[in-house]
Amino acid sequence: MGEQVEQSGRAADERVPGERTVRVRVPGKINLALCVGPRRPDGFHDLATVFQSVSLFDELTASPAPAATITVEVHGVGAELVGPSEDNLAVRAAALLAATYVPHAGAHLRIDKGIPVAGGMAGGSADAAAALLACDRLWGLDVGTDALLELAAQLGSDVPFTVLGGTAVGHGRGERLEPVEVGHTFHWVLVTSGQGLSTPAVFRRFDELHPPQTVPEPRVPDGLLEALAAGDPYALASTVRNDLAEPALDLRPDLADTLATGAELSALAALLSGSGPTCAFLAADEAHARQLAVAFTERAVGRDVHVVTAPASIGVAHAGRG
Ligand code: C5P
């Protein structure tokens, strides 16, 4: 099942043969902390967040295309939910990179989705990051990480983190990043939902529930970074926090049942991922994660159940001749 959206009527065989094809594998993310400050005059919210990549991936392949032509095709889980190509964040990312450095460049992007669409896991942002990284190589630009991060911030609040992957503290609207080295692996179970949730709608409900003057400046919870550094999932469980859980559950009361099931099944922590609706459950180790996943599946909770590790990193899976 795949949706092919061409923005140009020019035939594929007009592409220049023998140029490189670049394949990038990008992970989704959860927010170990998502602490939300008051709404700013520009409509965004200042955050104190801890992003962590998890081993659920989208793969983006960029191949040569006629000049000034950016096209996309989307395959995989939830591809039918991805909007038209002109709204596709990966297309916008490639177009922004081209406009900034090499206006006549062209690329064809193929996206194979593994990250849930509209799931609160930054799948669209990860695709944009993958497009920046892949087209930077495809077009032989090598503009450097700082330049890519600057473009990423123009595309969306989560895009800069997805350019880096791994673990990072985020401030501002999430675009000001301090990478964190984590030398340990954590084990999570992700339970996806059949129905997406709109990030702006969740932030709007946050504002309705919390008048701006009552919201303190956000800060990363005490002990969270220490728990990561120690590789201690029990300590991590007592520090994770998501301020968007309350408004998201207000819009989607069914998610409260999913989170409660995780607690009942002895997950160390039950956390909404970003603005939801994906729910993330922290396990003590890999065996515990597998047990939890079996129990979720038996109870038919959510749409899909994934056992993942964190942090995960970005990979250039293939760079060959097109
Ligand atoms: O930056 P991005 O386009 O992903 O944000 C989508 C929406 O989420 C914004 O339009 C805004 O309503 C909300 N948002 C916010 N504060 C943030 C990030 C996102 O209010 N820090």
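No value in this document is a laboratory result; all are computed from the given coordinates. Here the structure is a predicted model, which means the values were calculated and not measured. Methodologically, a virtual Cβ is constructed for each residue, glycine included, from the backbone with ideal geometry; neighbour enumeration extends over all protein chains shown.
At a temperature of 20 °C and a viscosity of 1.002 mPa s, determine how fast the range 215-322 diffuses translationally according to Stokes-Einstein, using the Kirkwood radius over alpha-carbon pairs as Rh; express D in µm²/s, rounded to the nearest whole number.
In µm²/s, the coefficient rounds to 137.
Tally Lys and Arg at +1 and Asp and Glu at -1 over the other residues with C-beta under 12 Å from the C-beta of residue 199: what net charge comes out?
So the surrounding residues net to +2.
Normalising by the residue count of the range 24-104, find the relative contact order in percent from Cα pairs under 8 Å and 6+ residues apart.
Rounded, it is 25 percent for the range 24-104.
State, as an integer percentage, the relative contact order of the chain based on alpha-carbon contacts under 8 Å between residues 6 or more apart.
26
Based on Cα coordinates alone, diagonalise the gyration tensor for the chain, multiply each eigenvalue by 5, take square roots, and list the semi-axes in whole Å, largest first.
For the chain, the ellipsoid semi-axes come out as 33, 21, 19 Å.
For the chain, with the dipole built from +1 on Lys and Arg beta-carbon atoms and -1 on Asp and Glu ones, taken about the Cα centre, which of 32, 308, 101 lies farthest toward the positive end?
Final value for the positive-end residue is 101.
If you find the alpha carbon centre of the range 152-202 and of the range 46-103, how far apart are they in angstrom?
Spelled out, the Cα-based centre of one part sits 16 Å from the other.
Give me the Kirkwood hydrodynamic radius of the range 152-257 in Å, from all C-alpha pairs, to one decimal place?
16.1
Which residue, 294, 72, 22, has the most motion in a Gaussian network model of the chain that connects Cα atoms within less than 10 Å?
Among 294, 72, 22, the largest mean-square fluctuation in the Gaussian network model of the chain belongs to 294.
So how tilted is helix 199-209 from the main axis of the chain? Cα-based, degrees 0 to 90, rounded to 10.
The angle comes out at about 30 degrees.
Which chymotrypsin sites (Phe, Trp or Tyr not before Pro) does the range 37-117 hold that lie in a coil by DSSP with at most 15 other beta carbons within 10 Å?
Of the chymotrypsin sites (Phe, Trp or Tyr not before Pro), the ones in loops of the range 37-117 whose Cβ has at most 15 other Cβ atoms within 10 Å are 44.
Say R0 is 35 Å: what FRET efficiency, to the nearest 0.05, do residue 100 and residue 222 get from their beta-carbon distance?
0.30
For helix 286-298, what angle does its Cα long axis make with the longest principal axis of the chain, in degrees from 0 to 90 and rounded to 10?
Taking the Cα atoms of the chain, the angle to 286-298 is about 90 degrees.
Work out the charge dipole of the chain with +1 on the Cβ of Lys and Arg and -1 on the Cβ of Asp and Glu about the Cα centre, then indicate which of 288, 141, 166 is farthest towards its positive end.
My answer, from the dipole projection, is 141.
Over the chain, with a Gaussian network built from C-alpha contacts below 10 Å, which listed residue (213, 291, 195) shows the highest mean-square fluctuation?
Judging by the Gaussian network model, the answer is 213.
Taking the Cα centre of the chain as origin, work out the dipole magnitude from +1 charges on Lys and Arg Cβ and -1 charges on Asp and Glu Cβ, in debye rounded to 20.
Roughly 340 debye for the chain.
Per DSSP H run of at least 4 residues, take -39500 (n - 2.57); add these up for the chain, divide by its residues and hand me the 222 nm value, nearest 500 deg cm²/dmol.
Value at 222 nm, helices only, nearest 500: -9000 deg cm²/dmol.
If we count other beta carbons within 10 Å of each Cβ, what is the order of 73, 226, fewest first?
Result, fewest neighbours first: 226, 73.
How big, in percent, is the set of alpha carbon pairs in the range 85-153 lying more than 20 Å apart?
Across the range 85-153, Cα pairs with separations above 20 Å total 24 percent.
Let me check I've understood the local charge: for residue 153, count other residues with C-beta under 9 angstrom from its C-beta, Lys and Arg +1, Asp and Glu -1. What total comes out?
0
For residue 75 paired with residue 204, estimate the spin-label separation in nm (one decimal), with each label point 7 Å from Cα along the Cα-to-Cβ line.
3.7
Would you look at the GNM of the chain, springs on alpha carbons closer than 10 Å, and say which of 271, 249, 109 moves the most?
Judging by the Gaussian network model, the answer is 249.
Neighbouring Cβ atoms within 10 Å as the yardstick, rank 279, 35 fewest first.
By the 10 Å Cβ count, ascending, the order reads 35, 279.
Going by how many other Cβ atoms sit within 10 Å of their own, how do 214, 185 line up, fewest first?
214, 185
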